[in-house]
Every structure is written in C-alpha cells, then in structure tokens.
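The next block holds one structure in the form of structure tokens; read it before the comments.
The values are calculated or read from the model by the stated rules, or taken from the named source; none is laboratory data. Fair warning: this is a prediction, and the values are worked out from it, not measured in the lab. So basically every Cβ, Gly included, is an ideal-geometry build from the backbone, and we count neighbours across all protein chains shown.
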Amino acid sequence: MATPKKTLLLTGASRGIGHATVKHFHAAEWRVITVSRQPFDKICPWPQGEKDHIQLDLNEMSHFDEVIARVKAKLAEPESDGKLAALVNNAGISPKLPGGKRMGVLQTDIAIWQNVFNVNLFATALLARGLFDELKVAQGSVVNVTSIAGGKVHPFAGVAYATSKAALAALTREMAHDFGPHGVRCNAIAPGEIDTSILSPGTEALVEKEIPMKRLGKPSEVAQLIYFLCTSQSSYVNGAEIHVNGGEHV
C-alpha cells in the first residue's frame with residue numbers, strides 16, 4: 001500500500017495566489033483539498049482537483065459544520081490517513097466602490113462589514129478549531145494570508161478589508177500561542193501588490209512610487225513562501241507575519 005501523501009487544505013483556490021499555491025504543492029507531491037465559493041474550474045491543471053474540491057461560500061457561517069464534516073471525510077481516505085499537514089487560509093474579499101476606488105468608513109454598511117469579516121477572519125478561526133485534531137496528529141502548520149493593508153492605509157483596500165486583515169494578524173498570534181504547545185505552528189504572510197486579477201486601476205503608478213523593487217510580485221513567489229512555512233525548513237517559526245511586498249512596507 002502506498003504511503004499517504006501530506007495533505008493541504010487551501011481556501012480561496014480559484015485564482016491568483018491560491019491557484020499558484022495549489023500548483024506548487026501539487027508539484028511537491030502533496031494532496032490538495034480546496035475550498036472556494038466557485039465550482040472547480042476544468043482548466044486547473046492538477047489531477048483529482050475536482051474530486052478534492054469543496055464548493056462553499058465562507059460567508060455562510062451556518063455551513064461550517066457541513067464543511068468540517070466534508071473535510072474530515074476526505075482526510076479519512078487512504079490518501080491522507082486522517083492527517084492534515086497544512087491549512088492555508090487564503091480566501092479573502094475586498095469590496096470596492098465603482099471604478100475600483102477604496103470603500104472608506106462612510107461608505108461601508110453593516111452588511112459589508114459582516115460579509116468581509118465572515119470570510120476574511122471568522123472562517124479562519126472556525127476552520128482551525130474544527131480541524132485542530134487533524135492538524136495536531138500531523139504536527140501541521142497553519143498559514144493565514146493577511147495583507148500590507150493590515151498595517152497601513154492603502155489607496156485601494158477598503159476599511160473593512162484592512163481591519164479584517166489587521167485582526168487576522170492578531171488571530172495568528174493567538175493561534176500560535178494556543179496551538180504551539182500541541183506542535184502546530186501558525187504564521188501569516190502579508191502580501192503587497194501581487195500580479196493577480198484583483199489589482200485596482202492605478203496600481204502601476206503605486207508600484208513606481210511606493211515599491212523599492214519597482215515591480216509587482218508574482219503569485220508563484222508568494223506560493224513558495226507559503227510552502228516554506230508548511231515544511232520542516234521553518235520548524236521553529238511560529239507566530240510570525242512575514243512581509244512579501246518588495247519593500248513596500250518600509
């Protein structure tokens with residue numbers, strides 16, 4: 001019988017950083033279970049992708065018992081042997097005003113606040129809590145994708161998105177404290193301007209003015225960092241938030 005592969009559970013897998021992360025882990029011969037509000041896209045170039053995809057809107061808090069049960073059922077299959085080696089919380093939403101302009105405090109109503117925090121923050125805590133036993137048996141790793149907007153006012157990222165990412169950085173520290181004694185590490189990465197489909201108009205000027213490296217980041221560069229944090233190469237890294245933004249934060 002073949003040795004079970006290490007298993008990654010990744011949210012927000014349908015594009016950008018998530019898509020690049022799936023490809024990187026698959027190339028390293030991990031099993032990848034994905035969660036996204038979108039159905040599996042046939043163009044995704046990894047085997048068993050549709051079989052290991054769970055379509056779920058993380059804004060729907062009432063669905064979490066279902067998604068935890070579905071993930072546990074997949075982890076009980078011989079391919080994973082009940083273990084979850086990594087949980088990467090990449091799903092995130094950033095509502096914009098018309099023309100891609102940032103949505104400030106005065107433009108953000110309670111429904112938007114709730115939606116953004118459900119997806120960007122509360123889903124992370126619920127998934128980690130619900131799958132803690134599977135992470136513990138694997139001595140696994142959690143990686144939360146925050147943002148440069150969590151630490152400074154950003155010209156495009158709205159107030160709900162920015163504050164949810166700042167809260168996610170705090171949640172990462174809390175998880176590192178609570179999970180660390182059980183051998184489960186929790187870290188965050190804070191991307192800046194990455195070349196994905198969600199970039200706003202005006203990003204080109206921001207790159208020239210604000211980023212010392214004078215270029216956008218590549219999704220593959222973020223995926224490589226996520227992989228590092230999920231492997232033994234980072235075995236003593238816990239509770240960190242690592243900037244991946246070409247120096248934009250300095």
Item checked: Criterion: in contact with a Gly (Cβ under 7 Å, 6 or more places away or on another chain), within 18 Å of residue 20 (Cα to Cα) and modelled with pLDDT of 90 or more - qualifying residue of 176, 162, 190, 169 -> 190
Next item on the list: Of the numbered conditions (1) farther than 22 Å from residue 140 by Cβ; (2) modelled with pLDDT under 85; (3) among the aromatic types (Phe, Trp, Tyr), residue 113 fails exactly one; give the number of that condition.
Entry: (2)
Note to self: What's the total number of residues in region 23-63 that are at pLDDT 80 or above and assigned to a loop (DSSP other than H, G, I, E, B)?
What the structure shows: 11
Next item on the list: Sort out which residues of region 3-23 are in contact (Cβ under 8 Å) with a residue 60 or more places away in the chain, within 24 Å of residue 136 (Cα to Cα) and more than 11 Å from the chain's Cα centre (by Cα), and write them in order of number.
Entry: 4, 5, 6, 7, 8
Check: Would region 98-115 turn up any residue that is β-branched (Val, Ile, Thr) and under 17 Å from the mean Cα position of the chain (by Cα)?
Finding: no
Notebook entry, point to check: Assuming residue 167 fulfils every condition listed in (1) assigned to a helix (DSSP H, G or I); (2) within 30 Å of residue 81 (Cα to Cα) apart from one, which condition is it?
Noted result: (2)
Notebook entry, point to check: Would it be correct to say that residue 92 is in a helix (DSSP H, G or I), in contact (Cβ under 8 Å) with a residue 60 or more places away in the chain and among the small types (Gly, Ala, Ser)?
Noted result: no
Check: For region 89-124, which residues satisfy the criterion of being among the small types (Gly, Ala, Ser) and buried (at least 16 other Cβ atoms within 10 Å of the Cβ)?
Finding: 91, 92, 94, 123
Check: Looking at region 232-250, which of the residues that are touching a residue at least 60 places away in the same chain (Cβ under 8 Å) and polar (S, T, N, Q) is surrounded by the most Cβ atoms within 10 Å (Cβ to Cβ)?
Finding: 245
Item checked: Residue identified as free of Cβ contacts under 8 Å to residues at least 60 places away in the same chain, out of contact with any His (no Cβ under 9 Å at 6 or more places or on another chain) and over 29 Å from residue 167 (Cα atoms) among 79, 50 -> 50
Item checked: Matching residues in region 7-22 - criterion: being surrounded by 17 or more Cβ atoms within 10 Å (Cβ to Cβ) and over 18 Å from residue 87 (Cβ atoms) -> 16
Next item on the list: Check whether at least one residue in region 23-35 is under 29 Å from residue 204 (Cβ atoms) and either crowded, with 17+ Cβ neighbours inside 10 Å or of a type outside the set (S, T, N, Q) (or both), and report yes or no.
Entry: yes
Notebook entry, point to check: Are there any pairs, at least 6 apart or on different chains, whose C-beta atoms fall under 6 Å, with the first in region 135-154 and touching a residue at least 24 places away in the same chain (Cβ under 8 Å) and the second hydroxyl-bearing (Ser, Thr, Tyr), and if so, which?
Noted result: 144/124; 144/172
Next item on the list: For residues that are surrounded by 19 or more Cβ atoms within 10 Å (Cβ to Cβ) and within 30 Å of residue 134 (Cβ to Cβ), scanning just region 193-222, find the one that is modelled with the highest pLDDT.
Entry: 222
Next item on the list: Take region 131-165 and flag every residue that is surrounded by fewer than 18 Cβ atoms within 10 Å (Cβ to Cβ) and on the phi < 0 side of the Ramachandran plot.
Entry: 133, 136, 137, 151, 152, 153, 155
